[in-house]
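The values are calculated or read from the model by the stated rules, or taken from the named source; none is laboratory data. Keep in mind it's a predicted model, so treat the numbers as computed, not measured. Methodologically, a virtual Cβ is constructed for each residue, glycine included, from the backbone with ideal geometry; neighbour enumeration extends over all protein chains shown. Remember, those area values only see protein heavy atoms, side chains included, never the ligands or the DNA or RNA. Shrake-Rupley method; radii C 1.70, N 1.55, O 1.52, S 1.80 Å.
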Amino acid sequence: LQHAARRLLLSAAQQQPLMLALDDLDRFDEPSLAALALLCRELRSAGIQIVATSQSDDAQVISSAYRMFKESSSHLPLKPFGAEETRALLSSIFGDTANIDLLAHRLLSVSHGSPRDLMRLSQHLVDRGIAVYRAGSWSLPAHLAAADLPTSVAQILRERVLALSNGARGLAGALALCPEYGFALDECLCLTGHEEHARLMQELSELAAADVMRMAGERYMLSDPSLV
């Protein structure tokens, strides 16, 4: 399958130059990383460019395919956003609407320029009904009270965890003991303690809806190391 995917992409690139945009490369499964590593060997002679993001670059990533991909790549660290980049990102979400400058200033101070945290804070404003979508456009408040925004993104994650049911929070706590490991469905069933399949599916759905859990192939793991 890896060789077939490589041949397909190389054939397509002969007709039209391609750029593959890959997010969260450090979360890819081993077969996908191996296919990318094989493809990287032929990029110089093919009309393909790969642009990938990786949240972590620490020693916990032990995949040989991941290391092979990195060794053949150029690295560009993502610096924290400044005021201009923050405003551009928020404008792409809410439009160039009134009070966007106020919002950009306040969210920048809380997020410290992290694009991911800016997205989390934006979602927080929508969930709280502070940013409202009506008649095809967003409406932002002219004033943000201290209570409208959390003091940190960690507070958002803490509130998200505390809002979970006891069963879902207990399962997430078990996943947090090995955040780098993905658990199969039957393993999750053992981790619950109650071993009720229907109840497990409800808890997994709750964790996915709260963006606490994600799937890696057919395995379940925490969506973000910050939740540990």
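What is the local net charge at P115, summed over the other residues whose Cβ is closer than 15 Å to its Cβ (Lys, Arg +1; Asp, Glu -1)? List each step's numbers first, then the result.
On the way: positive: K79, R87, R116, R120; negative: D23, D24, E84, E85, D117, D224.
Net charge in that neighbourhood comes out at -2.
Looking at the chain, what % of its DSSP beta bridges pair antiparallel, to the nearest 5?
On the way: 8 of 13 bridges.
Counting only bridges with both partners in the chain, antiparallel ones make up about 60 percent.
Compute the signed sum of charges (Lys and Arg +1, Asp and Glu -1) over the other residues within less than 12 Å, Cβ to Cβ, of A37. Kindly include the intermediate steps, with their values, before the conclusion.
Details: positive: R6, R41, R67, K70; negative: E30, E42, E71.
So the surrounding residues net to +1.
At 1.4 Å probe radius, can you tell me the per residue accessible area of the chain in Å²?
Values: 13740 Å² over 228 residues.
I get 60 Å² per residue for this part.
Could you size up the charge dipole of the range 87-150 around its Cα centre, putting +1 on the beta carbon of Lys and Arg and -1 on that of Asp and Glu, and report it in debye to the nearest 20?
Details: 6 positive and 5 negative charges, 16 e Å.
The calculated dipole for the range 87-150 is roughly 80 debye.
Give me the percent of accessible area attributable to carbon and sulfur for the range 116-228, probe 1.4 angstrom.
Values: 3410 of 6240 Å².
Here it works out to 55 percent.
Net charge around R128, counting only other residues with Cβ within less than 11 Å of its Cβ (Lys, Arg = +1; Asp, Glu = -1)? Numbers along the way, then the final one.
Numbers: positive: none; negative: D127, D148, E159.
Net of charged neighbours comes to -3.
Can you tell me which of 187-194, 103-110 comes out highest on packing, and rank the rest after it, using the mean Cβ neighbours within 10 Å? Mind dumping the intermediate values first?
Values: 187-194: 15.4, 103-110: 19.4.
Packing proxy ranking, top to bottom: 103-110, 187-194.
Is the range 71-148 best put as rounded, prolate or oblate by its Cα gyration tensor, with a ≥ b ≥ c the root eigenvalues, rounded for a/c under 1.5, and otherwise prolate when a/b is larger than b/c, oblate when not? Mind dumping the intermediate values first?
Values: a/c = 2.27, a/b = 1.91, b/c = 1.19.
In terms of gyration-tensor shape, prolate.
Where does the Debye-calculated log10 I(q)/I(0) of the range 78-196 sit at q = 0.10, 0.11, 0.16 Å⁻¹, using only Cα point scatterers of equal weight, no solvent?
Relative scattering, expressed as log10 I(q)/I(0), comes to -0.43, -0.51, -0.81.
To the nearest 20 Debye, how big is the dipole of the range 112-201 about its Cα centre, given +1 on the beta carbon of each Lys and Arg and -1 on that of each Asp and Glu? Walk me through the numbers before you get to the answer.
Details: 8 positive and 9 negative charges, 90 e Å.
Roughly 440 debye, rounded to the nearest 20.
Considering only A174, L189, V161, whose Cα is most displaced toward the positive end of the charge dipole of the chain, charges sitting on Cβ of Lys, Arg (+1) and Asp, Glu (-1)?
Checked the options; the winner is V161.
Tell me the relative contact order for the range 10-116 as a rounded percent, counting alpha carbon contacts under 8 Å between residues six or more apart. All intermediate terms of the calculation are to be shown ahead of the outcome.
On the way: 87 pairs, mean separation 28.2, N = 107.
Computed value for the range 10-116: 26 percent relative contact order.
Does the range 2-93 come out rounded, prolate or oblate, given a ≥ b ≥ c as the square roots of the eigenvalues of its C-alpha gyration tensor, rounded meaning a/c under 1.5 and, failing that, prolate meaning a/b above b/c? Mind showing how you got there, number by number?
Values: a/c = 2.43, a/b = 1.39, b/c = 1.75.
Oblate is the answer for the range 2-93, as a/c is 1.5 or above yet b/c matches or exceeds a/b.
What does the convex hull of the Cα atoms of the chain come to per residue, in Å³, rounded to a whole number?
173 Å³
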